[in-house]
1. Out of ALA92, ALA86, I need the residue that is without any contact (Cβ under 8 Å) to a residue 12 or more places away in the chain, surrounded by fewer than 20 Cβ atoms within 10 Å (Cβ to Cβ), under 30 Å from ALA143 (Cα atoms) and away from the ligand (no atom under 16 Å from the Cβ). Which one?
2. Pick out the one residue from PHE101, PHE45, PHE118 that is more than 21 Å from the chain's Cα centre (by Cα) and within 16 Å of the ligand (Cβ to nearest atom).
3. Note down all Cβ pairs under 7 Å where the first residue falls in segment 139-151 and is farther than 18 Å from MET99 by Cα, the second is surrounded by 13 or more Cβ atoms within 10 Å (Cβ to Cβ), and they're at least six residues apart or on different chains.
4. For ILE109, only one of the following conditions fails: (1) under 18 Å from GLY153 (Cα atoms); (2) open to solvent by less than 40 Å² (accessible area, probe 1.4 Å). What is its number?
5. Just checking, does segment 49-59 include any residue being closer than 29 Å to GLY220 by Cα, open to solvent by 60 Å² or more (accessible area, probe 1.4 Å) and modelled with pLDDT of 95 or more?
6. Check LEU5, LEU19 and return the single one that is within 15 Å of the ligand (Cβ to nearest atom) and either open to solvent by 60 Å² or more (accessible area, probe 1.4 Å) or part of a helix (DSSP H, G or I) (or both).
7. Quick one: in segment 60-69, of everything that is within 9 Å of the ligand (Cβ to nearest atom) and within 17 Å of PHE45 (Cα to Cα), which residue is surrounded by the most Cβ atoms within 10 Å (Cβ to Cβ)?
8. Consider only pairs whose beta carbons are under 8 Å apart and that are at least six residues apart or on different chains; among these, list those whose first residue lies in segment 175-194 and is in contact (Cβ under 8 Å) with a residue 24 or more places away in the chain and charged (D, E, K, R) and whose second residue is outside any helix (DSSP H, G or I) and open to solvent by 20 Å² or more (accessible area, probe 1.4 Å).
Amino acid sequence: MSIELYWGSGSTPAWRVQLALAVKGLPYTSHLLSFSARETRTPEFLAINPRGKVPALRDGDVVVNESIAILAYLDRAYPEHPLFGATPAEAAKVWRMVMEFESHGNPTISAVARPLLFGTWEADSSKVREGLPALHTELDLLAERVATGTMVGDTVSAADIVWFCGLQQLVRAATRPAAAGFDLGVWPLSARWPAIAAWARRIEAIEGYDATRPPHWAEGEHPSPARIG
Ligand SMILES: N[C@@H](CCC(=O)N[C@@H](CS)C(=O)NCC(=O)O)C(=O)O
C-alpha cells in the first residue's frame with residue numbers, strides 16, 4: 001500500500017503525523033494544501049475529510065482523519081517502532097499523556113501563544129499575562145516527565161510527538177517580537193527547563209526531522225528557530 005498525507009504548513013496536528021511517519025521510517029506521498037487558497041475546502045478534499053481539516057491520511061482503501069487517530073492507525077498497520085508503548089502499562093501511559101495534552105497542555109499553551117500568533121496580543125494582553133503561571137506549571141511538569149529522555153519507555157512515542165508539536169507552537173509565539181512585552185520566561189527553553197531542551201534535541205535528532213518542519217516557519221521576517229533544543 002502507499003501512504004498519502006494531506007497536510008498544511010504550520011498545522012501542528014499535521015506535524016504530529018509527519019513526525020510519526022519519520023519515527024517509523026515510512027515513505028509517503030505528500031499533498032501540501034494551502035490554507036490561504038482554501039485548498040482544504042475543495043470538493044476533492046471535502047470528499048476525504050468532510051470537516052475540511054488536515055491532517056488526512058489515505059493508505060490504500062483506508063482514509064483516516066484526526067491526527068491522534070492517524071497515529072493510532074499507523075501503529076496498528078505498521079507496528080515496527082511502536083508509538084503507543086510496548087506493554088499494556090506503557091500504552092496506558094502514552095494515552096494518558098496524549099489526552100493530558102489535549103485536555104490541559106493545549107489550552108494552557110494556546111491561551112498564551114494564540115494572541116501572539118494571531119495578532120490579538122494587545123486586546124488579549126491580560127489573558128496572556130493571566131495564563132503565564134499555569135503555563136509555567138505545565139512546563140515544570142513536562143520537565144519532570146522528560147527528565148529520563150522520553151515520556152514513556154526509552155523510545156519516542158505518540159506522547160512525545162504530541163507534546164513536542166505543542167511546544168513548538170509556544171516557541172514560535174515566544175520568539176515573536178510582540179512576546180518581548182510580556183516577559184514570558186519561556187525562551188530559551190534551556191534557561192529554566194534544560195530537561196525540556198535536552199528532550200527536544202532528542203526529537204530533533206530523528207532521521208528526516210528537518211523535512212517535517214513547517215516550510216513557512218523558516219521564512220518571513222521572523223522565522224522560528226530551526227532547533228528548540
Ligand atoms: N483535531 C484535529 C485538528 C485539525 C485542524 O484543526 N486542522 C486545521 C489546521 S491546524 C485545519 O485543517 N484548518 C483548515 C481549515 O479549517 O480550513 C486533528 O488533530 O487532526
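The values are calculated or read from the model by the stated rules, or taken from the named source; none is laboratory data. Keep in mind the model is a prediction, meaning the values are calculated, not measured. As a convention, Cβ positions derive from the backbone with ideal geometry for all residues, glycine included, and neighbour counts pool all protein chains shown. The accessibility values were calculated without ligands, DNA or RNA, using every heavy atom of the protein model including side chains. Shrake-Rupley method; radii C 1.70, N 1.55, O 1.52, S 1.80 Å.
1. Working: ALA86 fails: without any contact (Cβ under 8 Å) to a residue 12 or more places away in the chain.
Result of the check over ALA92, ALA86: ALA92.
2. Numbers: PHE101 fails: more than 21 Å from the chain's Cα centre (by Cα); PHE118 fails: more than 21 Å from the chain's Cα centre (by Cα).
Only one candidate passes the filter, namely PHE45.
3. ALA147/ALA195; GLY149/TRP199; GLY149/ARG202
4. (1)
5. yes
6. Working: LEU5 fails: either open to solvent by 60 Å² or more (accessible area, probe 1.4 Å) or part of a helix (DSSP H, G or I) (or both).
Result of the check over LEU5, LEU19: LEU19.
7. Of the residues in segment 60-69, the ones within 9 Å of the ligand (Cβ to nearest atom) are 65-69.
When the remaining residues are screened for being within 17 Å of PHE45 (Cα to Cα), the result is 65-67.
Numbers: ASN65: 18, GLU66: 16, SER67: 27.
Step by step, filter segment 60-69, then rank; the result is SER67.
8. Sorted first by the residue in segment 175-194, then by its partner, the pairs are ARG176/HIS222; ARG192/GLY185.
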